[in-house]
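Contents: one structure, followed by commentary.
The values are calculated or read from the model by the stated rules, or taken from the named source; none is laboratory data. These figures come from a predicted structure and were not determined experimentally. Using ideal geometry, Cβ is built from the backbone for each residue, glycine included, and neighbour counts are taken over all protein chains shown. In case anyone asks, the SASA skips ligands and DNA or RNA and just uses the protein heavy atoms, side chains included. Shrake-Rupley method; radii C 1.70, N 1.55, O 1.52, S 1.80 Å.
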Amino acid sequence: MTDIVFIHGLFMTPRSWDSWVSWFSERGYRCHAPAWPGHTGDPAALRASPPEVLRTLTLGEVIAAHRALIATLDAKPIVIGHSMGGLVAQRLLDDDLVAAAVAIDPAPPKGIFVLSWSFLRANLPVINPLAGNRPYQFSLKGFHYAFCNTLTVEETRLIFDAHVVPEARNVARGTIGSDAAIDFDRPHKPLLIIAGERDHIVPWRLNRKNFQAYRHAGSTRSFHVMPGRDHFLCGQPGWEQVAEVAEGFLRDHVSRALPAGASSSATATT
């Protein structure tokens, strides 16, 4: 049985993958959805009392926690990550620890950037170097702009209450340092990057630039834009279409990721 490790992003917990874990489990995959350090428990409780580890947690420590989990598995897993979790998936792919990676709206690796007002507006409050190391807590208004801009505020409130947690600023700041460095010339296992056309916090053009940075001609990679989707495309209505794109790519390019009896009609576009 093929293992999939789901990697959540900033301001989320493994609960954000519950539907995906059920969907892929039904198709014969063995699924794992670990929590980052400081991201275990009820989101409301974490908002009320942010864990102390969030003052010091780094992107490198998040990557190391996932490396440790992968080391306990019998074979290299597939990794599917969203947002900062997508960048973690890319780092694990770069280290040749996985059989394939799906990065959904991934945070940009070191040196990848675009000039975009929405990107700056959504990210600067988190990474602000003058704000110290106190965990950052989104307001409903800020979360709506950054994650759920295609939804109503009322729809966003339900998502906020169910999922949003305080976050370590130094994880977000890690995208400009060595923890976020990718060797784009290195051969790699299959990689799919999925972008949301209307994503504010990680614009699709930034995802495209991330994809285009990979230069090894013999390695398999694909890029797919989901029309009309924002940053929370893994959890809002229609998330199944995103999952189908991911599984279609895996079925086409990872031979051992073909569970008996599984089916998919999706194809990734380049």
Open item on the list: Looking at 139, 118, can you tell me which residue is farther than 16 Å from residue 180 by Cβ and surrounded by 14 or more Cβ atoms within 10 Å (Cβ to Cβ)?
Closed with: 118
- [ ] Pairs only if they're at least six apart or on different chains, beta carbon under 7 angstrom, first in the range 64-83 and under 14 Å from residue 29 (Cα atoms) and open to solvent by less than 50 Å² (accessible area, probe 1.4 Å), second part of a helix (DSSP H, G or I) and of a type in the set (A, V, I, L, M, F, W, C); list them, first residue then second.
- [x] 77/70; 78/250; 78/257; 79/89; 79/92; 80/89; 80/246
- [ ] Of the numbered conditions (1) under 16 Å from the mean Cα position of the chain (by Cα); (2) open to solvent by 30 Å² or more (accessible area, probe 1.4 Å); (3) not basic (Lys, Arg), residue 132 fails exactly one; give the number of that condition.
- [x] (1)
Open item on the list: Residues that are within 19 Å of residue 1 (Cβ to Cβ) and out of contact with any Cys (no Cβ under 7 Å at 6 or more places or on another chain): does the range 41-58 have at least one?
Closed with: no
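Sort through 223, 232 and tell me the only one that's more than 22 Å from residue 155 (Cβ to Cβ) and hydrophobic (A, V, I, L, M, F, W, C).
The unique qualifying residue is 223.
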TODO: Look at residue 124 and say whether it is part of a helix (DSSP H, G or I), at pLDDT below 95, over 29 Å from residue 19 (Cβ atoms) and of a type in the set (A, V, I, L, M).
DONE: yes
TODO: Tally the residues that are out of contact with any His (no Cβ under 6 Å at 6 or more places or on another chain), of a type in the set (A, V, I, L, M) and either at pLDDT below 95 or open to solvent by 10 Å² or more (accessible area, probe 1.4 Å) (or both), restricting the search to the range 173-201.
DONE: 3
TODO: Would you mind telling me which numbered condition in (1) buried (at least 22 other Cβ atoms within 10 Å of the Cβ); (2) out of contact with any Leu (no Cβ under 8 Å at 6 or more places or on another chain); (3) hydrophobic (A, V, I, L, M, F, W, C) residue 165 fails?
DONE: (2)
Open item on the list: Looking only at the range 139-153, filter to residues that are among the polar types (S, T, N, Q) and touching a residue at least 40 places away in the same chain (Cβ under 8 Å); which one of those is nearest to residue 44 (Cα to Cα)?
Closed with: 149
Open item on the list: Checking the conditions here, which among 49, 16 is open to solvent by 40 Å² or more (accessible area, probe 1.4 Å), among the hydroxyl-bearing types (Ser, Thr, Tyr) and modelled with pLDDT of 95 or more?
Closed with: 49
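Does residue 149 meet the test of being assigned to a loop (DSSP other than H, G, I, E, B), polar (S, T, N, Q) and surrounded by fewer than 14 Cβ atoms within 10 Å (Cβ to Cβ)?
Judged against the criteria, residue 149 is not a match.
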Task: Among the residues listed as 44, 100, the single one being open to solvent by 30 Å² or more (accessible area, probe 1.4 Å), touching a helix residue (DSSP H, G or I) at 6+ places or on another chain (Cβ under 8 Å), touching a residue at least 12 places away in the same chain (Cβ under 8 Å) and of a type in the set (Gly, Ala, Ser) - done: 44
Open item on the list: If I filter the range 103-111 for residues that are touching a residue at least 12 places away in the same chain (Cβ under 8 Å), part of a strand (DSSP E or B), open to solvent by less than 10 Å² (accessible area, probe 1.4 Å) and hydrophobic (A, V, I, L, M, F, W, C), do I get at least one hit?
Closed with: yes
